[in-house]
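Structure record follows, encoded as structure tokens.
Read-outs throughout are calculated quantities, based only on the coordinates presented, and are distinct from any laboratory measurement. Not measured: the values here are computed from a predicted model. Positions of Cβ are generated from backbone atoms using ideal geometry, with glycine treated the same way; all protein chains shown enter the neighbour counts.
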Amino acid sequence: MKTTLFDLEDLIPPNPSWFLEILHSLEIEYKPAWPDLFGKAIHTWIKEHKPFPIKTLSIFSGGGGLDIAFHEAGFDLIEMVEIEPKYVATLEANTNSSSLLEHSRVLCLDIRNYHPDPKLKVDFIIGGPPCQTFSAAARRASGVAGTTDPRGVLFEDYVRLLKTLLPKGFLFENVYGITGAQNGQAWKDIQTAFKEAGYNIYYRLLDTADYGVPQHRERLFIIGIREGLEKFLFPYPTHGPDSIGQHPYYTAKEAVDGADNSGIDIGINGRFGQLLYEIPPGLNYSFFTKEMGHPKPIFSWRSKFSDFLYKADPNTPVRTIKAQGGQYTGPFSWENRKFSIPEFKRLQTFPDEYKIVGKRQISIEQIGNSVPPQMGRMLALSILNQLFEVELPFPMHYLPEHKELNFRKRKRLLTEIYAEKARIALQEKDADLGEASIAGDSNIKQTYCRSLSNEFDWSEKESTGIKIYLSTEFSDTFWKISAGVSPIFEAPVVYTINILPVSEWVLGSRTIELQSRDLNYLTFTALWKAFEEKVTTLFGIADLVQLSGYYHYIPKFRAELKLSGEMKNESQWRILHSLVQRRGKCLELSTLQLSSLWKIEPNQVLPHLQFLRNLGYEVRNCNTNPQIPIDKYLIPYIFPTFTSKSVQFRKRLEA
């Protein structure tokens, strides 16, 4: 039995593939869905050879990824605690006799209200609190809230249960962003809390693709040991360049082979759906950026999440499957379609027979929020072998304490790989991608009408919103757009928005002048919409965000709002003037700071922020984005961005 000492042969890997050695020991054939066979074989062996029960408590159980893994590895799940009823329905569907979570008790309960009897016998605890407050999405939204967010302190209840039940050990999983939240202070607090509860902790950042998951998914794993073991070592990778014998990654194509994809049509709907056909496998929306060499860019660099229009490469693991997403959230299949739920299960290594309850998006949410079972199996076997001294039917090889894995270094090289894929794809493209232009030096003049709907959609069709009458004048050096709610095009101009390039942009040397013929506030929104329409029509740019660039970067254009003297005295126009002049700089400002900036009373700040939202401006706070501190507000762009499909449009500033 292995206790505190490790044989030298376990730390220095031999040349043959350890993974194939494991399959051979379990008499498993390498084929699609081999992780299912792996789990069944381990479970069968454990039932015959495990010398004693290991009472295990699962908290933050979610869709059951860790629970599947530990149950198959011989850990007896006495209770699973989960707050979301939709996840509980899945857990309960798999607890019947002969099911993957058989005989487990499921509690639909907020962990803060879970108070087990101190006499409850628990040997081990598994679970990872919600990670959104530490995630990459949180960083994009506006920094990482960490333990300033209520979800970021749920580890305190984890610690409370450790102190109450005193298990021999625990496994805690979370995103790697937890280590950098609040300049590292949140991570220090978490480590201190676990140590004060009486546990030595061992942690590593691991990529699930290194352990037989056909998906790159970086997560932090913490193992806590109370007594009986001098140190804990993490398992050596079974797949990839860092693995023993450098066994190839389990690819996406191998994983989904044979999975049911009936009912999934080719293509995706929506405005950007047709772009998927042009994107090379492995790339995303960034294929249509200047930085990737596209001669007719549609998007701005890093202006979208990395899974936006992301098409999986069949010959590699996919990128991280996201729990939440919109119409264009990948991964999409290299066959230019959505993946089916059975295919998503394979990509996450959920067993084919595991029942996931709920419609498509609910199912994807449960899959994307889970620890891939194959990753969990390898960790569970390591714990079983080291902490509980169970000899396994194959040797376990462990990473020396200071052995560095190189998956993050390899990740930094991907940009060059993606750029080369884009270059090859563009060379092979037959379509004319020449630069758009307005022919001739003479001015092009036009008058027309548009409708601005109550949900900020801009259309040629009449809507329930407001009708806008426009006149435009274009040349190779300037654009002029005039708008009003009246068809009297000769009416005098009451205010002007001048738009000038800050750096190189698709419009070249052109300057833009937006003019309003009336004081209706929605005409202000309409002018930006009309400008966006022309940019999209003539140059293919997706929207003004893509023209300006993602708000974390220096904007590609600036604007000036010229008001008459009387208008400057009105608070709403004064705020619009201040916002437009802000040149797109991203700032988080408090109520008092906005009050001072806008020269209004503090109790008028929220109504004026709502006024901006009513004009189509995206305004964020702790209720729209929990990562933003309480009483802080963020307006990312100097122009309105809302449409009926905007995620932020459905959110509210007030709880």
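Within straight cross-link reach of Lys480, meaning Cα distance under 16 Å, which lysines are found once same-chain residues fewer than 8 apart are removed?
By straight Cα distance, Lys480 reaches Lys445, Lys529, Lys534, Lys562.
What aspartates and glutamates sit close enough to Lys411 to cross-link, taking a C-alpha to C-alpha distance under 12 Å and skipping anything fewer than 8 places away on the same chain?
Here the aspartates and glutamates satisfying the reach criterion relative to Lys411 are Asp207, Glu218.
In the stretch 255-340, which trypsin sites (Lys or Arg not before Pro) are in a loop and have at most 14 other Cβ atoms within 10 Å, using DSSP for the loop call?
Answer in residue order: Arg271.
Quick one: which residues, 5 or more positions from Arg337 or on another chain, have an amide H under 5 Å from its amide H? H modelled 1.01 Å from N in the peptide plane, none for Pro or chain starts.
The list, which skips near neighbours in sequence, is Gly267.
For the chain, what does -39500 (n - 2.57) per DSSP helix run (n ≥ 4), summed and divided by total residues, give at 222 nm, in deg cm²/dmol to the nearest 500?
One gets -8000 deg cm²/dmol as the mean residue ellipticity at 222 nm.
As an exercise, take the mean of 1/r over every pair of distinct alpha carbons in the chain, invert it, and state the Kirkwood radius in angstroms.
Taking every pair of different Cα atoms in the chain, averaging 1/r and inverting gives 27.6 Å.
Give me a comma-separated list of calculated 3J(HN,Hα) values for the stretch 216-229, in order, Karplus coefficients 6.51, -1.76, 1.60 applied at θ = phi - 60°, integers in Hz, x for any Gly or Pro.
Karplus values, whole Hz, x for Gly and Pro: 7, 8, 8, 9, 8, 10, 10, 10, x, 10, 7, 6, x, 8.
How would His24, His239 line up from fewest to most surrounding beta-carbon atoms within 10 angstrom?
Ascending Cβ contact count within 10 Å gives the list His24, His239.
Strictly over 28 Å apart at the Cα level, which of Lys290/Lys467; Lys556/Lys632; Lys467/Lys645; Lys304/Lys355; Lys322/Lys421 would you flag in this model?
In this structure, Lys290/Lys467; Lys304/Lys355 lie more than 28 Å apart at Cα.
Under 17 Å from the Cα of Lys119, which lysines turn up, not counting those fewer than eight places away in the same chain?
Lys55, Lys163, Lys168
Report the label-to-label distance for Asn183 and Glu416 in nanometres (one decimal), using points 7 Å from each Cα along the Cα→Cβ vector.
Distance between label points: 3.5 nm.
Dipole of the stretch 444-650, Cα-centred, from +1 at each Lys and Arg C-beta and -1 at each Asp and Glu C-beta, to the nearest 20 debye?
That gives a dipole near 280 debye.
Students often check this: by mean Cβ neighbours within 10 Å, which of 61-74, 244-257, 78-91, 29-42 ranks highest, and how do the rest follow?
So the order, starting with the most tightly packed, is 61-74, 78-91, 244-257, 29-42.
Taking 0.36 nm per intervening residue step and subtracting the Cα-Cα distance, what contour gain separates Ser25 from His402 on full extension?
132.8 nm
Helix 155-165 versus the longest principal axis of the chain: what is the Cα-based angle in degrees, 0 to 90, to the nearest 10?
Helix 155-165 and the main axis of the chain meet at about 20 degrees.
First measure r as the distance between the Cβ atoms of Asn269 and Glu462, then evaluate 1/(1 + (r/R0)^6) with R0 = 35 Å and state the FRET efficiency to the nearest 0.05.
The pair Asn269/Glu462 has a calculated efficiency of 0.90.
Just to confirm the filter: which GluC sites (Glu not before Pro) across the stretch 525-619 are DSSP coil and have at most 14 other Cβ within 10 angstrom of their Cβ?
Glu566, Glu570
Evaluate the distance, in nm, between pseudo-label points positioned 7 Å from the Cα of Ala491 and of Glu654 along their respective Cα→Cβ axes.
Roughly 3.2 nm, to one decimal.
Relative to the first principal axis of the alpha-carbon coordinates of the chain, what is the inclination of helix 605-614, with its axis defined by its Cα atoms, in degrees from 0 to 90 and to the nearest 10?
Its long axis makes an angle of about 80 degrees.
Taking square-rooted eigenvalues a ≥ b ≥ c of the alpha carbon gyration tensor, is the stretch 458-603 rounded, prolate or oblate, where a/c under 1.5 means rounded and, failing that, a/b exceeding b/c means prolate? Each step should come with its number before you reach the end.
Values: a/c = 1.73, a/b = 1.17, b/c = 1.48.
Oblate shape, in that a/c is at least 1.5 and b/c is the bigger or equal ratio.
Go ahead and run the numbers for FRET between Glu389 and Lys296, Cβ-Cβ distance against an R0 of 60 Å, rounding to 0.05.
Rounded to the nearest 0.05, the efficiency is 0.40.
Roughly what would the spin-label model give for Glu504 and Ile424, points 7 Å off Cα along C-beta, in nm?
Label at Glu504, label at Ile424, 2.7 nm between them.
Based only on other Cβ atoms within 10 Å, what is the fewest-to-most ordering of Ser471, Ser370?
Ser471, Ser370
Starting from 0.36 nm per residue, how many nanometres of slack lie between Glu353 and Glu473 once their C-alpha separation is accounted for?
Residue separation times 0.36 nm, minus the Cα-Cα distance, leaves 36.9 nm.
Pairing the Cα long axis of helix 185-196 with the longest principal axis of the chain, what angle in degrees results, from 0 to 90 and rounded to the nearest 10?
20 degrees
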